[in-house]
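Values quoted throughout were computed directly from the atomic coordinates according to the rules given, and no laboratory measurement underlies them. If you're wondering where the values come from, they're calculated on a predicted model, not measured in any experiment. In this analysis, Cβ positions are derived from the backbone assuming ideal geometry, glycine residues included, and neighbour counts consider all displayed protein chains.
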Amino acid sequence: MQRAIAEGYARRDRNNMAPTIEYVTALLAQYPDHPEAIYEVGGAYDTAGEEERARGFYERALAAGLQGDTRRRCLLQYGSTLRNLGLFDESIVVLREACSEFPESDSLRVFLALSLHAASRSDAAVAELLALAADRIHSPDIDRYEPALRGNADYLRALDAAAQERESE
């Protein structure tokens, strides 16, 4: 399966996804219950800009038991697709759960920040990016200000929490 998927992506043209969609759809026909085959069809539709179609395949792949790094990538793409469809709250839930499941994934945190921003929660988005910078960027200059970065992230999260509480009243 992995070799077949790699072969399909070696020929992928992001500007013309029709051949890739045809290839992964044929692969899915051969392996109709294989979570990775289902995921790859979703990814191809997503790249082609067909987010609503991609969404269904991502949901099927996750329900079929997608595991490991492919699961992480699927959750990221699914969360991003939900954001692109304007389903910001759902996107945030998916990406937060994914961050909990894969705490070392920087890309999940960045896409969570994008979804928070899209949901007009800029304080929470910037807080996530500040925390990511404090966690992952290590240089004498950043390390010196790590406590300030974390303090500002906490402050912005508190502002966001207060705003969310006011909205729920």
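Below is a table of values for the structure above.
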| read-out | value |
| --- | --- |
| Semi-axis lengths, Å, the chain, gyration tensor of Cα atoms, sqrt of 5 times eigenvalues | 34, 18, 13 |
| Point-to-point label distance, Glu97-Ala133, nm (Cα→Cβ direction, 7 Å offset) | 3.1 nm |
| Distant alpha-carbon pairs in segment 122-169 (separation over 15 angstrom), percent | 45 percent |
| About the Cα centre, charge dipole magnitude for segment 122-169 (Lys/Arg +1, Asp/Glu -1 at Cβ), debye | 160 debye |
| Between segment 136-169 and segment 68-128, the alpha-carbon center distance in angstrom | 17 Å |
| Of Ala131, Ala119, Ala29, the one that fluctuates the most in a GNM where the chain has Cα springs shorter than 10 Å | Ala29 |
| Estimated FRET transfer efficiency (Arg11, Ala148; beta-carbon r; R0 35 Å; 0.05) | 0.10 |
| Relative contact order computed over segment 122-169 (Cα-Cα under 8 Å; 6+ residues apart), in percent | 51 percent |
| Separation of the Ala163 and Leu85 label points, Cα + 7 Å toward Cβ, nm | 2.5 nm |
| Ranking of Val93, Val126, Val41 by count of other Cβ atoms within 10 Å, fewest first | Val93, Val126, Val41 |
| Overall dimensions of segment 29-105 as given by Cα atoms, namely Rg and Dmax in Å | 11.7, 36 |
| Gaussian network model of the chain, springs between alpha carbon atoms under 10 Å - residue of Ala113, Ala125, Ala48 with greatest fluctuation | Ala48 |
| Mean residue ellipticity (222 nm) of the chain, computed from DSSP H runs ≥ 4 via -39,500 (n - 2.57), nearest 500 | -25500 deg cm²/dmol |
